[in-house]
Amino acid sequence: HSLTKYLAGHGDVLGGVVVTDEAHLESLRTLSRAIGPVLGPFESYLAMRGIKTFPLRMERQCANACRVASWLQAHPRVERVYFPAVAEHPDAATIRRLFPANLYGAVVSFELKQAGREEIFRFMDALQLVVRATSLGDVHSMMLYPVMSSHREVSPKHRERMGIRDSLVRLSVGIEAPEDIIQDLDQALARQ
């Protein structure tokens, strides 16, 4: 589990949690001796501080993400929305059965119609509230461009097979008022 993202949730911790079963415990112990098993005291404090508000933050971020995803689906400049709560999701029935109501995560990916890198850069440059980022999961809304960040080392051919096209962006929805997030996306999309 990433402490860096939602568990700590404030963009100020770099860390993770590894959970294992008995069969893999010794391998994990060996690995931890080689690479270090624990965070420093201050990073641990920051992670614990964030975990205290985790349920409240996730409820708000997930609710906001549902509203934003629904709004994006209706926008004429948006080709497709990737979010577990959308009815068109291929696993919609399973998602509804497994996820608690309205807790579908806070990352909404979407593709802009007929957009390449230039149009995506123009769109992202126009954002005023949503922060351009290379990591996700903070209290404020952040957006990244997978082609230039998380999947930059993947060849265009393999990205295409994975569904990571030049028109795709990922939005990590924060705790701001959903109307403010939507307004920012709307004004940036209007500049296309």
Number of positions in the stretch 86-122 that are acidic (D, E), within 16 Å of L168 (Cα to Cα) and either touching a Ser or Thr at 6+ places or on another chain (Cβ under 9 Å) or at pLDDT below 90 (or both) = 2
Selection status of E176, open to solvent by 80 Å² or more (accessible area, probe 1.4 Å), outside any strand (DSSP E or B) and either of a type in the set (V, I, T) or on the phi < 0 side of the Ramachandran plot (or both) = no
query = Does the stretch 62-85 contain any residue that is closer than 26 Å to Q183 by Cα, at pLDDT below 90 and in contact with a Phe, Trp or Tyr (Cβ under 9 Å, 6 or more places away or on another chain)?
reply = yes
query = Since G9 meets every condition but one in (1) assigned to a helix (DSSP H, G or I); (2) open to solvent by less than 70 Å² (accessible area, probe 1.4 Å); (3) under 26 Å from E179 (Cα atoms), which condition does it not meet?
reply = (1)
ask   = I35 fails exactly one of the following numbered conditions: (1) surrounded by fewer than 14 Cβ atoms within 10 Å (Cβ to Cβ); (2) in contact with a strand residue (DSSP E or B) (Cβ under 9 Å, 6 or more places away or on another chain); (3) of a type in the set (V, I, T). What is the number of that condition?
value = (2)
inquiry  = So, R60, is that one touching a helix residue (DSSP H, G or I) at 6+ places or on another chain (Cβ under 7 Å), surrounded by 14 or more Cβ atoms within 10 Å (Cβ to Cβ) and within 24 Å of L103 (Cα to Cα) or not?
reply    = no
key: The listed residue being under 19 Å from T4 (Cβ atoms) and either among the small types (G, A, S) or within 17 Å of the chain's Cα centre (by Cα) (or both), out of R80, R57, R67   = R57
Every residue from the stretch 88-131 that is among the charged types (D, E, K, R), open to solvent by less than 80 Å² (accessible area, probe 1.4 Å) and either touching a residue at least 60 places away in the same chain (Cβ under 8 Å) or assigned to a helix (DSSP H, G or I) (or both) = E119
Residue tally, condition open to solvent by less than 60 Å² (accessible area, probe 1.4 Å) and either assigned to a loop (DSSP other than H, G, I, E, B) or over 19 Å from W71 (Cα atoms) (or both), over the stretch 145-173 = 12
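The values are calculated or read from the model by the stated rules, or taken from the named source; none is laboratory data. This is a predicted model, so every value here is computed, not measured. All Cβ positions, even for glycine, are placed from backbone atoms using ideal geometry, and neighbour counts span all protein chains on display. The accessibility values were calculated without ligands, DNA or RNA, using every heavy atom of the protein model including side chains. Shrake-Rupley method; radii C 1.70, N 1.55, O 1.52, S 1.80 Å.
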